[in-house]
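As structure tokens, the structure follows; a few thoughts come after it.
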Amino acid sequence: MKYKSRGQQTKGKQMTDMKNPVGKKMKHERRMRKGEFNKEGNALTASVTVIATFLIVFMSAIMILPSALEAAASWDIQEELETYMSNNYPWDEIEIMNVRVRGKAVKKAPESIVVEKGPIGKAVFSFMYKDAQKVIVNANIRVFESVLKSKRAFNRGHVLTYDDLYLSKMDMRRLPKSVIMDAASIVGKSLKRSLSANVPLVENMIEMSRVIKRGKRVTLLINSSGLNITAYGKTREKGYVGMPVKAVNLSSNREVMGVLIDENTVKVEL
């Protein structure tokens, strides 16, 4: 059997195509149709890929949505608690942490809120709804109040001024008993004992009657046998509002005993 070389085969094919132009045209058309089919297949594959990607994203969104709704509901619950606490309790600052819902997450505001335990510390609330539904909510709550503290160290007997004091917020659970929050109630009064700096002031540290210094000019209201006389005088000793004090009548230079009824007035009974 006689074999042809590759060059002879190619030359023979070219000669055949030249002798048969119709066959050559048909082969070209078949190649063109095959290319178009491949293009259509590629387009279809691309479309299928896009649809599959869309379905994956859509299903992922559906799976994530409940978690997102639950997170949104938890945030709404905390806002409801903050509003309820600020509207019903007169504290300076309220800190709400670790809000937790027992059971199904709340998706709407309640008709009312009931304090089951607390409200300070580990608190428990009932969120009440029209349809008699009750949702239990737990939260950790800290409350802060502004109290008066000493700016520096003071000795016993020191008469307090506004410059001696400052306000500082403290956790309510750590406040000492009878802590003082109003500066006006102790300014002008003396200390019963010495104090260090930055100490919360309480009532048993303060001489709760206002201090009047010796030599203060005062008005004397003198009642003598039913006759009321007004005169000017001076205190002869340190005194306290509401307590007896010695004073001198500046008109007669006579010493009298009376009661300080306010910072500027001594009532004298003769």
(Q) Can you pull out the chymotrypsin sites (Phe, Trp or Tyr not before Pro) in region 98-146 whose DSSP state is coil and whose Cβ has at most 15 other Cβ atoms within 10 Å? (A) TYR129
Q: Please give the residues of region 81-95, grouped as numeric ranges, whose backbone N is less than 11 Å from a label point set 7 Å along the Cα-to-Cβ vector of LYS169.
A: 92-95
Q) What is the set of long-range amide H partners of VAL218 at a cut-off below 5 Å, with H atoms built 1.01 Å from backbone N? A) GLY233, LYS234, THR235
Q) HN-Hα J couplings of region 134-151 from phi, Karplus 6.51/-1.76/1.60, θ = phi - 60°, integer Hz, Gly and Pro as x? A) 10, 10, 8, 10, 9, 7, 9, 10, 10, 10, 10, 10, 8, 10, 7, 10, 7, 6
Q) Short version: ³J(HN,Hα) in whole Hz for each residue of region 152-168, in order, from phi by Karplus 6.51 cos²θ - 1.76 cosθ + 1.60 (θ = phi - 60°), x for Gly and Pro, what are they? A) 8, 6, 9, 8, 4, x, 4, 8, 6, 10, 4, 5, 7, 10, 8, 8, 9
Q: Once you have the Kirkwood Rh of region 150-270 from its Cα pairs, apply Stokes-Einstein at 25 °C and 0.890 mPa s and quote D in µm²/s.
A: 154 µm²/s
Q. For region 93-232, taking Cα atoms only, what is the radius of gyration to one decimal and the Dmax to the nearest whole Å?
A. 25.3, 82
Q) Over the Cα atoms of region 73-142, Rg to Rh with Kirkwood Rh, two decimal places? A) 0.93
(Q) Could you tell me the ratio Rg/Rh of region 122-176? Both radii from Cα atoms, Rh via Kirkwood. (A) 1.37
Q) Whose amide H sits under 5 Å from the amide H of GLY157, counting only residues 5 or more places off or on another chain, with H placed in the peptide plane? A) LEU191, LYS192, ARG193
Q: Would you calculate the volume per residue, in Å³, of the smallest convex hull containing every Cα atom of region 211-269?
A: 64 Å³
**Q.** Euclidean distance between Cα centres, region 239-254 to region 83-107, Å
**A.** 57 Å
**Q.** Amide H contacts of ILE212 (H built 1.01 Å from N, under 5 Å, at least 5 apart or other chain)
**A.** GLY239, TYR240, VAL241
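A short reminder: the numbers here are calculations on the coordinates, not readings from a lab. Note that the structure is predicted; figures quoted are calculated from it, not measured. Virtual Cβ from ideal backbone geometry, glycine too; neighbours counted across all protein chains shown.
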